[in-house]
Amino acid sequence: MTQYFDAVVIGAGFSGIYMTYKLRKEGFSVKTFEKAAGVGGVWNVARYPGARCDSDSFYYNFMFSEDLYKKWSWSKRFAGQDEILSYLNFAADELDVKKYMQFNTEVKSAVWVEEHAVWHITTGNGEEFTATYLISGVGCLSTSSIPNFKGIENFQGESYHTGEWPNTTVDFRDKRVGVIGTGSSGVQSIPVIAESAKEVYVFQRTPQYSVPARNRSFTKEEVDQFKDEFHSARSVMLTSPSGLPIPKPTKSVVETPEEERNEILEMAWEKGGMILNNAFNDITTDEKSNELISEFLRNKIRANINKPEVAAHLLPYYYYATKRPILDTNYHDTYNQEHVMLVNLQQEPIEGITTNGIQTKEQEYPLDIIIFATGYDAMTGTLLKIDIRGREGLSLRNKWKSGKKVETYLGLGLAGFPNFFMITGPQSPSVLTNVPTAIEQHVEWISDCLKYMRDHHVKTIEPTEGAEREWSMKCQEIADNTLFTKTASWYTGSNIDGKSQDFLIYLGGLDNYRQICNEVSQQDYRGYAFE
Ligand code: N01
């Protein structure tokens, strides 16, 4: 017999854990499906060497509960993957949600059944469920992407994608290792791999700006201080555009006198973390401002690399921060080591993968291990792996198919898909904020919406097409007034062949977004249709 739940949640990362807890607390029955063997989402699978979060650990956690917050003590300024995974297990146990979760279960399809106003959900295990509400907590970066290199299947050595790292130790000793990709994953893993590998070849298509993380262990006094400052930090997080306890920047780069600007930049560089890219208000909107910061960062690279001919290949040229800002630990210094070689793919593109290694236009690089740090089919990729069908059989794959604009309402809902909600969906602030803060806002909004529906005997809720179009245009308009759309990145979908080129993140800031969502619910869910 098909089991019924009020809500089915997909994914047991930050989103799924909090959503499950909230729904149970409000008295809804819930089943949460997770493909992996446990909670953690991306932190359960991106176990590559050096994997670490680049939001300060005491803010990269749940903050809806002071009690929960104070029970956990982070060991370092930026927590590693293993510590974050332990934290998420701790949080799921404290909130007692694992009993509502079914692991090792991939949701394959979800079909809206008009007659009964329920979602019919099928899993990879062949089980079937029905639910009034379907809630996606699949994450923004959970579908790995490996480019379609010619001959990839012929490679005789080991190969790994950073986002699907095995749960065992990969031994780099005496190995020739090739890393393709220099985004956050490549930049974090390359210095760690270089510690033990015999030779490391970095296949770089786009050189990257990077700021030192300046990671370090916390003292007991610092840990206590974070806990004491819970309320003051949280109140800034709830009103800042980034969701971090960093107030809205007020200074323009170009309008700040050179001496003062350099002082601010040097201070931000020394403190490390995301301070630098949050120090001014026009880094991603004004070309001159952006160039001043970009050149500051290029000069740091020039100063860091012993060989000017290598430094020349490492100098980025795109607008700083229009790809995801990167924090590193000894990334650029790594190129000063004799056994670390940079291969500039702008000069010698990859032609294919051979049995023996990587073949570029210039030569074959023999390798024992290839690491694909080549990123993700972000924002939409994971949802599109599930066959989701709304009213009259409307398929999400068709709604968002290549060549069509991706449209959502608030990044939360979709016209034609009743009672379907997305946590950090496309066109919400998500990845351009501190993600757990964005997740908490969405989970609370969705939970309030379901309570409203229950209290008002509403059977279905669904965005109108007009509201969806308006929101999507608004997101694109905001993005078009920035430098973000001038750079090819996973924000724009350009890293995936054939994907439509839309800017998939709301850039108006989490503070404004929160206010808009609150107005929508206060105005009886403006932009939604009820039945
Ligand atoms: O992936 P990416 P990532 N040939 O897409 C290159 C989050 N994250 O896994 O720039 C050769 O950023 C590609 O080159 P180019 C974070 O939000 C967070 O590193 O397209 N190269 C690029 O260098 C991050 O932004 C953390 O020219 C190819 C790289 O592969 C997001 O995840 C840690 C290629 C992909 O970089 C994704 O980061 C890790 C090809 N055909 C991840 N195709 C932290 O919290 C792609 N590339 C610290």
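Would you tally the residues in segment 474-531 being under 26 Å from Glu462 (Cβ atoms), in contact with a Ser or Thr (Cβ under 8 Å, 6 or more places away or on another chain) and not in a loop (DSSP other than H, G, I, E, B)?
6
Any idea which of Lys35, Lys31 is touching a residue at least 60 places away in the same chain (Cβ under 8 Å), part of a strand (DSSP E or B) and away from the ligand (no atom under 11 Å from the Cβ)?
Result: Lys31 is the single residue among Lys35, Lys31 that is touching a residue at least 60 places away in the same chain (Cβ under 8 Å), part of a strand (DSSP E or B) and away from the ligand (no atom under 11 Å from the Cβ).
Residue by residue through segment 146-179, note down the ones that are of a type in the set (D, E, K, R), within 14 Å of the ligand (Cβ to nearest atom) and in contact with a helix residue (DSSP H, G or I) (Cβ under 9 Å, 6 or more places away or on another chain).
Glu164
Would you pick out the residues in segment 69-95 that are without any contact (Cβ under 8 Å) to a residue 24 or more places away in the chain and either farther than 30 Å from Val211 by Cα or surrounded by 21 or more Cβ atoms within 10 Å (Cβ to Cβ) (or both)?
Of everything in segment 69-95, those that are without any contact (Cβ under 8 Å) to a residue 24 or more places away in the chain and either farther than 30 Å from Val211 by Cα or surrounded by 21 or more Cβ atoms within 10 Å (Cβ to Cβ) (or both) turn out to be Lys71, Phe90, Asp93.
I'd like the full set of residues that are among the hydrophobic types (A, V, I, L, M, F, W, C), within 13 Å of the ligand (Cβ to nearest atom) and closer than 21 Å to Asn304 by Cα, limited to segment 180-212.
Selection gives Val187, Ile190, Val192, Val202, Phe203, Val211.
Out of all the residues in segment 341-394, which are hydroxyl-bearing (Ser, Thr, Tyr) and within 30 Å of Val8 (Cα to Cα)?
Result: Tyr376, Thr380, Thr382.
Would a scan of segment 258-268 turn up a residue that is of a type in the set (Asp, Glu) and within 26 Å of Cys53 (Cα to Cα)?
yes
On the given criteria, is Ser159 of a type in the set (S, T, N, Q) and under 20 Å from His332 (Cα atoms)?
No; evaluated as a whole, the condition is false for this residue.
Which residue pairs have Cβ atoms under 9 Å apart, sit 6 or more places apart or on different chains, and have a first residue in segment 209-221 that is free of Cβ contacts under 8 Å to residues at least 12 places away in the same chain and a second that is in a loop (DSSP other than H, G, I, E, B)?
Partner pairs satisfying both residue conditions: Lys220/Ser73.
Kindly list the number of the only condition in (1) within 20 Å of the chain's Cα centre (by Cα); (2) of a type outside the set (Phe, Trp, Tyr); (3) more than 24 Å from Arg234 (Cα to Cα); (4) surrounded by fewer than 16 Cβ atoms within 10 Å (Cβ to Cβ) that fails for Gly50.
Evaluating Gly50 over (1) within 20 Å of the chain's Cα centre (by Cα); (2) of a type outside the set (Phe, Trp, Tyr); (3) more than 24 Å from Arg234 (Cα to Cα); (4) surrounded by fewer than 16 Cβ atoms within 10 Å (Cβ to Cβ) leaves (4) as the failure.
This table checks each residue for (1) within 16 Å of the ligand (Cβ to nearest atom); (2) among the polar types (S, T, N, Q); (3) assigned to a helix (DSSP H, G or I).
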site	(1), (2), (3)
Met341	yes, no, no
Glu348	yes, no, no
Gln359	yes, yes, no
Thr374	yes, yes, no
Glu392	no, no, yes
Lys404	no, no, no
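Please note which strands (runs of 3 or more DSSP E) are completely contained in segment 46-145 and include at least 3 residues that are touching a helix residue (DSSP H, G or I) at 6+ places or on another chain (Cβ under 8 Å).
Of the strands (runs of 3 or more DSSP E) lying wholly inside segment 46-145, those with at least 3 residues that are touching a helix residue (DSSP H, G or I) at 6+ places or on another chain (Cβ under 8 Å) span 128-136.
Since every read-out is calculated from the coordinates, none of them should be taken as a lab result. A quick note: this is a predicted structure, and the numbers were derived from the prediction, not measured. Here Cβ is always computed from backbone atoms with ideal geometry, including for glycine, and neighbour counts include all displayed protein chains.
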